[in-house]
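The values are calculated or read from the model by the stated rules, or taken from the named source; none is laboratory data. Please read all numbers here as calculations on a predicted model, not as lab measurements. Note: ideal-geometry Cβ built from the backbone for every residue, glycine included; neighbour counts use all protein chains shown.
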Ligand SMILES: Cc1cc2nc3c(=O)[nH]c(=O)nc-3n(C[C@H](O)[C@H](O)[C@H](O)COP(=O)(O)OP(=O)(O)OC[C@H]3O[C@@H](n4cnc5c(N)ncnc54)[C@H](O)[C@@H]3O)c2cc1C
């Protein structure tokens, strides 16, 4: 883009006269304080705009010596019902022989270089001469500010008017919702904090003044934390947690219908709120923090500031701001609480889903009690520190950290995170390294086959579904037949690694997974970014979520009746509780096993969904060794992999180096338990011995001694889990998640990983499901 020769301030000397008049008499509402003479229809003129509901106009511009001020002009130019400029001032800029023309022309060059909207005199006036309005921090009254320079945020933050004058009547007119409808010209935001992040867009399309362009181009821009990416680019696919900065979606249009004809202004305010919070995600964004950054000329600022609470409430509700571990501050001007009725809720299970639901309800002023079968919180997040490092027996990783509320909670709580490197050296079972180019080639082939399956399934019925393993083999063979290529034995064997790795991710053998729907959640925007590992686990998050919560431990719920006015909850040790509503967050495995009796029984569509969805069985094996015998060969990478030689045995495919402290050498690996019964029969010693034998063959030149300590998890046998995480078996669709989620009789609600169709199998999905059910209850009691 060509750069105009100089920045334009729109400064006009003569303007001072009238501006001073206004400033020195802030008490007077000039348009309303009209002398009897001024009311003379010859001396005064009304605005020609039929819809203008303002009183006798006055000229805000005062640019020309001939400015009519509050007197007669041949034509009023309407900006808003409270803001007009006279024909004399119009001519002052418009006519090429007039004094103001060169200033206007220079401004016009800038505007049309960086903006898309018409650079008219009206827009010029709104961008340069309309007075600013500020709310006095002492008396709360709105005052008109004179002066040509754009005030900075600190000015608005600290502004006091220093007068006891009464409020200006025009302000009341403007506060009405109708204001926008009667504005003939938008006044764009100045110095928007969102600007540096949105330079790829035309500023005026986003409600920002194009005349800011050069100022910002010269300023050092702030940056978001690498895990925060609140604005999606116009050329990238939709990702979770990001909004397109240049569009209002249908939900926003429904919520802010009055702004649909003023989309740039909606976007300007929304983008400012989102930017401010993302720059300071450890604090709650309040109206007080936000308002000083809403900087625009004209009385519409009064209107925008009046709307801020609605914006903040809405964006908070959509979890675009103020999410994670933040609590509603007591002084926040809007309250999330709608529970004026006495409502009590019992949450069954203190895993992440139960804790997030309970916390959200508590914040809304609803009475909550959590009943947990174990003697601790976390459920499938259980950590063991006996080896000298934190070992997550269940979850210890976050996939897709960008905008991910769990990752953001880690940042808020100061939990250390480690980005997982992509580097993963692979070794065949005899210890020979897999050449990198072979790994790359076969990895590409593996993913290409999955893409082909994704194409194949597009027009397939559920009845045509077959297992992902069968489909993979079929497509692989088809590829070989059609391409006439052959793979070496090693290359074929290498596929076992990718399959094994996918089995870990899916929580099931590919033999059981649906080729049609195994990754159905990918239909929805997912969180992008790399994977992060939590070397110190989730403990701080669990602690923070459960802070101040009424949790009863060792309370295994055995019965829930939800047919009366309230719900009755019984535990195996004979305790009974009553509540208006219950949120069940127990794992799918517990529901499948019918460990809780419901009265009335759950409807057939729900039990069918519970039966049909798969409860995966992934277990971890963690071993502490005397020496880091693997490090030299793996080049100190965080991960290394093993290529199983047998197609049917794909255990221990990936090893994670959890060692952090010198002298503490820990490896973690996993197995996908195909047959739970045979797994039950194996002792931990047997499992560890098999794993150590494998390590000996992978590292034949090293001495691999028996681990000094080990952990073998038994999630599939744990009676409060009975699974690792859910998966979609052959012939099942993502609808099963929706059915399990569905509440019953407005009394019995369900949350947990296996109720989240968009983000299943994860801590994230479980957490969000808890918030979702709390929101449902909140809505139902608010009605
Ligand atoms: C080995 C393994 C590795 C994993 N790795 C990851 C990972 O790296 N990243 C990731 O995001 N996810 C991972 N997950 C999945 C993740 O742990 C779960 O999705 C998530 O923790 C589930 O949370 P939840 O609240 O839905 O269920 P849970 O955490 O299981 O909570 C349910 C709670 O209900 C309690 N309960 C059960 N029955 C009763 C009853 N009758 N009465 C009262 N209380 C009861 C349980 O004790 C438990 O506390 C892993 C899981 C496993 C097993």
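For every residue, the table says whether it meets (1) closer than 19 Å to residue 538 by Cβ; (2) modelled with pLDDT of 90 or more; (3) in a helix (DSSP H, G or I).
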{"position": "312", "(1), (2), (3)": "no, yes, yes"}
{"position": "316", "(1), (2), (3)": "no, yes, yes"}
{"position": "341", "(1), (2), (3)": "no, no, no"}
{"position": "354", "(1), (2), (3)": "yes, yes, yes"}
{"position": "357", "(1), (2), (3)": "yes, yes, yes"}
{"position": "369", "(1), (2), (3)": "no, yes, no"}
Which of the residues belonging to the range 628-641 are under 36 Å from the mean Cα position of the chain (by Cα) and in contact (Cβ under 8 Å) with a residue 24 or more places away in the chain? 637, 638, 639, 640, 641
Only residues that are closer than 18 Å to residue 318 by Cβ and touching a residue at least 60 places away in the same chain (Cβ under 8 Å): list them for the range 734-776, please. 758, 759, 764, 767, 768, 769, 770, 771, 773, 774, 775
Which condition does residue 330 not pass, out of (1) free of Cβ contacts under 8 Å to residues at least 60 places away in the same chain; (2) touching a helix residue (DSSP H, G or I) at 6+ places or on another chain (Cβ under 9 Å), if it passes all the others? (2)
Using beta carbons and a limit of 9 Å, which pairs, at least six apart or on different chains, have the first residue in the range 382-395 and at positive phi and the second one crowded, with 21+ Cβ neighbours inside 10 Å and part of a strand (DSSP E or B)? 388/666
Could you please give the count of residues in the range 558-585 that are within 20 Å of residue 742 (Cβ to Cβ) and out of contact with any helix residue (DSSP H, G or I) (no Cβ under 9 Å at 6 or more places or on another chain)? 8
Please determine whether any residue of the range 91-103 is within 35 Å of the chain's Cα centre (by Cα) and either farther than 19 Å from residue 168 by Cβ or crowded, with 23+ Cβ neighbours inside 10 Å (or both). no
How do the strands (runs of 3 or more DSSP E) wholly within the range 552-664 filter down when requiring 2 or more residues that are under 23 Å from residue 392 (Cβ atoms) and within 15 Å of the ligand (Cβ to nearest atom): which remain? 618-625, 654-657
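Quick grid of which residues meet (1) in contact with a strand residue (DSSP E or B) (Cβ under 9 Å, 6 or more places away or on another chain); (2) under 30 Å from residue 680 (Cα atoms); (3) buried (at least 18 other Cβ atoms within 10 Å of the Cβ):
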site: 725; (1), (2), (3): yes, yes, yes
site: 728; (1), (2), (3): yes, yes, yes
site: 735; (1), (2), (3): no, no, no
site: 744; (1), (2), (3): yes, no, no
site: 748; (1), (2), (3): yes, no, yes
site: 752; (1), (2), (3): yes, yes, yes
Identify, by number, the condition in (1) touching a residue at least 12 places away in the same chain (Cβ under 8 Å); (2) over 29 Å from residue 308 (Cβ atoms); (3) out of contact with any strand residue (DSSP E or B) (no Cβ under 6 Å at 6 or more places or on another chain) that residue 95 doesn't meet. (1)
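Taking the range 744-777, which residues are in contact with a helix residue (DSSP H, G or I) (Cβ under 9 Å, 6 or more places away or on another chain) and more than 16 Å from the ligand (Cβ to nearest atom)?
744, 746, 775, 777
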Of 543, 510, which residue is more than 13 Å from the ligand (Cβ to nearest atom), without any contact (Cβ under 8 Å) to a residue 60 or more places away in the chain and part of a loop (DSSP other than H, G, I, E, B)? 510
Breaking point among (1) modelled with pLDDT of 95 or more; (2) buried (at least 20 other Cβ atoms within 10 Å of the Cβ); (3) closer than 17 Å to residue 653 by Cβ, for residue 446: (2)
Residue satisfying all of: in the range 384-414; within 14 Å of the ligand (Cβ to nearest atom), touching a helix residue (DSSP H, G or I) at 6+ places or on another chain (Cβ under 9 Å) and in a loop (DSSP other than H, G, I, E, B); farthest from residue 708 (Cα to Cα) among these: 404
Condition (residue is within 22 Å of residue 225 (Cα to Cα) and outside any helix (DSSP H, G or I)) applied to the range 260-280: is it met by at least one residue? yes
Pull up the range 686-719, narrow it to residues that are under 30 Å from residue 375 (Cβ atoms) and out of contact with any strand residue (DSSP E or B) (no Cβ under 9 Å at 6 or more places or on another chain), then point me to the one that is farthest from the ligand (Cβ to nearest atom). 686
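Each row is one residue, and each column tells you yes or no for (1) touching a strand residue (DSSP E or B) at 6+ places or on another chain (Cβ under 9 Å); (2) under 30 Å from residue 749 (Cα atoms); (3) surrounded by 15 or more Cβ atoms within 10 Å (Cβ to Cβ).
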residue: 230; (1), (2), (3): yes, no, yes
residue: 241; (1), (2), (3): no, yes, yes
residue: 259; (1), (2), (3): no, no, yes
residue: 294; (1), (2), (3): yes, no, yes
residue: 297; (1), (2), (3): yes, no, yes
Please identify the pairs in which a residue from the range 186-208 that is closer than 14 Å to residue 295 by Cα has its Cβ atom under 6 Å from the Cβ atom of a residue that is assigned to a loop (DSSP other than H, G, I, E, B) and at pLDDT below 90, counting only partners at least 6 apart or on another chain. 190/150
For residue 529, indicate whether it is farther than 25 Å from residue 589 by Cβ and surrounded by fewer than 16 Cβ atoms within 10 Å (Cβ to Cβ). no
